[in-house]
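A.B. asks: Just dropping this structure here.
The values are calculated or read from the model by the stated rules, or taken from the named source; none is laboratory data. Please read these numbers as outputs of a predicted model, since none were measured by experiment. Virtual Cβ from ideal backbone geometry, glycine too; neighbours counted across all protein chains shown. With ligands, DNA and RNA removed, areas are computed over all heavy atoms of the protein, side chains included. Shrake-Rupley method; radii C 1.70, N 1.55, O 1.52, S 1.80 Å.
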Amino acid sequence: QVQLVESGGGLVQPGGSLRLSCTASTVSFSSYTMGWYRQAPGKQRELVAYIISSTYPNYADSAKGRFTISRDNAKSTVSLQMNSLNSEDTAVYYCNAKWGRAEYWGKGTLVTVSS
């Protein structure tokens, strides 16, 4: 069982930035595909970005050019730098880890974009 703990959420004004982090409790962190998903009120959970290795990040169209996903395998962490935030980015953000058939989720961290 892998535990994922997110941090970094909060209230930010439109146009602002936030950095989310997720720490995983596994010594096999480098083997996992790590991702960030989000779920806005009344909407389904959606993929924001994922990273297979440090050189292969992938983004949803809504995140391209504004968000950057990165990982530090030595620290078992994955981060999401979010810039130019707008109200549509308001959601609970979840960290996700996948390896083969194994998949784990964090409990989520709330991001609210509001003036």
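A.B. asks: Considering the options Ala63, Leu80, Thr23, tell which one lies farthest towards the positive end of the dipole of the range 1-82, charges being +1 on Lys and Arg and -1 on Asp and Glu at the Cβ, about the Cα centre.
C.D. replies: Of the listed residues, the answer is Ala63.
A.B. asks: What FRET efficiency comes out for Ser30 versus Ser114 if R0 is 35 angstrom and r is the Cβ-Cβ distance? Round to the nearest 0.05.
C.D. replies: With a Förster radius of 35 Å, E is 0.40.
A.B. asks: So how exposed is Thr68, as accessible area in Å² (1.4 Å probe, rounded to 10)?
C.D. replies: Rounded to the nearest 10, that gives 70 Å².
A.B. asks: Compute from the Cα atoms of the chain the Rg and the Dmax, the latter being the longest Cα-Cα distance, and quote both in angstrom.
C.D. replies: Looking at the chain, its Cα Rg and Dmax stand at 13.3, 42 Å.
A.B. asks: Counting only heavy atoms of protein chains, what accessible area per residue, in Å², does the range 14-115 have with a probe of 1.4 Å?
C.D. replies: Heavy-atom accessible area per residue stands at 54 Å².
A.B. asks: How large, in percent, is the carbon and sulfur part of the accessible surface of the range 28-72 at a probe radius of 1.4 Å?
C.D. replies: Of the solvent-accessible surface of the range 28-72, carbon and sulfur hold 47 percent.
A.B. asks: If you don't mind, there's one more thing I want to ask. Taking 7 Å along the Cα-to-C-beta vector as the label spot, tell me the Trp105-Ile52 distance in nanometres, rounded to one decimal.
C.D. replies: 2.4
A.B. asks: Now for a different question. How do Lys98, Lys75, Lys107 stack up against each other in accessible area, from largest to smallest, with a 1.4 angstrom probe?
C.D. replies: If we order Lys98, Lys75, Lys107 from most to least accessible, we get Lys107, Lys75, Lys98.
A.B. asks: Pairs of Cα atoms under 8 Å, at least six residues apart: use those to get the relative contact order of the range 75-115, whole percent.
C.D. replies: Here the relative contact order equals 41 percent.
A.B. asks: Tell me the relative contact order for the chain as a rounded percent, counting alpha carbon contacts under 8 Å between residues six or more apart.
C.D. replies: Once divided by the residue count of the chain, the mean separation gives 37 percent.
A.B. asks: Based on C-alpha coordinates, I'd like the Rg and Dmax of the range 28-85, in Å.
C.D. replies: So, for the range 28-85, Rg and Dmax equal 11.9, 37 Å respectively.
A.B. asks: Given R₀ = 22 Å, FRET efficiency for Arg45-Gln13 by Cβ-Cβ distance, to 0.05? Please list the in-between numbers first.
C.D. replies: On the way: r = 25 Å, r/R0 = 1.14.
E between Arg45 and Gln13, to the nearest 0.05, is 0.30.
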